[in-house]
Amino acid sequence: MPGTPAVTLSDIATFRPRPGVDHMQPDGWTVVGLDTNFYAEAGPQVIPGTLLGRPADVRFTAVAFHWDYGDGTIAARSTPGATWDQLHVAEFDPTPTSHVYGAEGDYVIHLRIDYRAEYRFDGSGFVPISGTIALAANDLRITVGDAKTVLVNRDCAADPAGPGC
């Protein structure tokens, strides 16, 4: 806008988006060697307030997702991911945001989300602000265990005392 100084991230410090929410499948546990699906909820947010002494809206849009899986592995993605159902894949299938643990143990997963910011005055079009804002999502705690499979020649529900049941 003519006569309006360039807006910076420090100018919008009082406009804060809600942190995203980190999720995983299965919830709270997984198996060594199988894909664990991580995904985030971080939709666009418009926050009203006062900017440079004028009523304004600031829109925050998530643009990058940085997972620290707790086992020394990190990943940066441009997608928040989605549930296995939303992706139309089976449980434990790989996803764009999944991770495979190589060892049993308890891990804490951290997610940081980078948001792009834009502002507008008086309902005009949004104007981008240079840079991004990084916010931490909730931490997830996970137990990774090992699993052994057993093949049986009967239905264990019908014959719970059968071999392998």
- Task: Keeping to region 1-54, report how many residues are hydrophobic (A, V, I, L, M, F, W, C), within 26 Å of Trp67 (Cβ to Cβ) and assigned to a strand (DSSP E or B).
- Result: 7
- Residue check, Arg112 within 30 Å of Gly49 (Cα to Cα), of a type in the set (Lys, Arg) and in contact (Cβ under 8 Å) with a residue 12 or more places away in the chain: yes
- Hey, Val58 more than 29 Å from Gln25 (Cα to Cα) and either more than 20 Å from the chain's Cα centre (by Cα) or of a type outside the set (Asp, Glu) (or both) or not: yes
- Message: Name the single residue that is farthest from Ala136 (Cα to Cα) among those in region 15-35 being of a type in the set (Asp, Glu) and surrounded by 15 or more Cβ atoms within 10 Å (Cβ to Cβ).
- Response: Asp35
- Task: Quick one: in region 46-65, of everything that is without any contact (Cβ under 8 Å) to a residue 60 or more places away in the chain and surrounded by fewer than 20 Cβ atoms within 10 Å (Cβ to Cβ), which residue is nearest to Leu135 (Cα to Cα)?
- Result: Thr61
- Listed residues Ile74, Ile47; which is under 16 Å from the mean Cα position of the chain (by Cα) and aliphatic (A, V, I, L, M)? Ile74
- Message: When you scan region 36-45, do you find a residue that is surrounded by 15 or more Cβ atoms within 10 Å (Cβ to Cβ), within 28 Å of Phe126 (Cα to Cα) and among the aliphatic types (A, V, I, L, M), even just one?
- Response: yes
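No value in this document is a laboratory result; all are computed from the given coordinates. Treat the numbers as computed from the prediction; the structure is a model and nothing was measured. All Cβ positions, glycine included, derive from the backbone under ideal geometry; neighbour counts span all protein chains shown.
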